[in-house]
1. Give me a comma-separated list of calculated 3J(HN,Hα) values for the range 75-91, in order, Karplus coefficients 6.51, -1.76, 1.60 applied at θ = phi - 60°, integers in Hz, x for any Gly or Pro.
2. What net charge is computed for the residues neighbouring Ser183, neighbours being all others with C-beta under 13 Å from the C-beta of Ser183, Lys and Arg scored +1, Asp and Glu -1?
3. If you count, for each residue, the other Cβ atoms within 10 Å and average over each peptide, how do 90-102, 159-171, 211-223, 113-125 line up from highest to lowest?
4. So what is the 222 nm mean residue ellipticity for the chain from helices alone, if each DSSP H run of at least 4 adds -39500 (n - 2.57) and you divide by all residues, rounding to the nearest 500 deg cm²/dmol?
5. What are the ³J(HN,Hα) values, in whole Hz, obtained from phi via the Karplus relation 6.51 cos²θ - 1.76 cosθ + 1.60 with θ = phi - 60°, for each residue of the range 10-23 in sequence order, with x given for Gly and Pro?
6. Test of understanding: express the Cα radius of gyration of the range 147-189 as a ratio to 2.2 N^0.38 Å, with N the residue count.
7. Among all lysine pairs in the chain that are eight or more places apart or on different chains, how many have alpha carbons less than 29 angstrom apart?
8. With a 10 Å radius around each residue's Cβ, average the other Cβ atoms per peptide and rank 133-140, 55-62, highest first.
Amino acid sequence: MMDELIQAFGAANSDDEVRVIIVTGAGRGFCAGADLSGGPNYKERPAGEDGKAPRDTAGQFTLKVFETVKPVIAAVNGPAVGVGTTMLLPMDIRIASEKARMGLVFNRRGMVPEGCCTYFLPRLVGIAQASEWIMTGRVFSAQEALKGGLVSEVLPPGDLMPRARELAAEIVENTSAVSTALSRQMLWRMLGADHPMEAHKIESQALFYMMQNEDIQEGVKSFLEKRLPKAERRHAGLLSLVGRKTV
């Protein structure tokens, strides 16, 4: 599943016709987590020839999401446990069905959080809430996820995907793809900055870049003419403005 998700994100990220990525589950669940049917001797992957631990597959995927230049909307339609929760964390907008359930159950299974969870989760919900969910390992409701700041909306099941598409359409119809790509990367990368000067530097560089881009001309013109903008869809080379790739 992770290999296929990584491939799908790579394809979407390189296709300029794709403006927004929506991730949801097929059937009644979003993602039930790792397959533990093998019993207590469950092993994810063997060590490499050098004896080092293999890279966590969930982490490889969340890093892929982190690197994308497209906005990502998670529409959590049902149970999302273990990796089903951690894969949500680097996505930009997370909305959930009333039937959704989430859980960071790793400690209950003698495991530890994965998917770069210990980086993303405290930054999204704060260290106190992150600690409670991780230390207890309990499965919690969509309403608790909303209260804790993990999701921004909880909706009746039938309203979930229409709302996700509504959010996607609002982005596509009203924003510059280039501006949105840069903004997404700046938001995530500045979470690790140690001083606002770092944000000032990268924002100044991005503003200078956009001032030379046709999108700003169209954005101002559409505002004055009271119509939707017709922004370009170029994304090539944007990561070089915001930092090096990690995967």
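1. 3J(HN,Hα) across the range 75-91, in whole Hz: 10, 7, 8, x, x, 9, 10, x, 4, x, 8, 5, 5, 6, 4, x, 7.
2. Around Ser183, the surrounding residues sum to 0.
3. Details: 90-102: 22.5, 159-171: 15.9, 211-223: 13.5, 113-125: 19.8.
Those peptides, ordered most packed to least, come out 90-102, 113-125, 159-171, 211-223.
4. Numbers: 11 runs with 116 residues, N = 247.
Taken over the chain, the calculation gives -14000 deg cm²/dmol.
5. So the Karplus estimates, Gly and Pro as x, are x, 5, 5, 5, 8, 9, 5, 6, 8, 9, 9, 10, 10, 10 Hz.
6. Numbers: Rg = 13.2 Å, N = 43, 2.2 N^0.38 = 9.2 Å.
My calculation over the Cα atoms of the range 147-189 gives 1.43.
7. Total qualifying Lys-Lys pairs in the chain comes to 21.
8. On the way: 133-140: 16.6, 55-62: 19.9.
Output ranking for 133-140, 55-62: 55-62, 133-140.
The values are calculated or read from the model by the stated rules, or taken from the named source; none is laboratory data. Fair warning: this is a prediction, and the values are worked out from it, not measured in the lab. All Cβ positions, even for glycine, are placed from backbone atoms using ideal geometry, and neighbour counts span all protein chains on display. These accessible areas exclude ligands, DNA and RNA; they are computed on the full protein's heavy atoms, side chains included. Shrake-Rupley method; radii C 1.70, N 1.55, O 1.52, S 1.80 Å.
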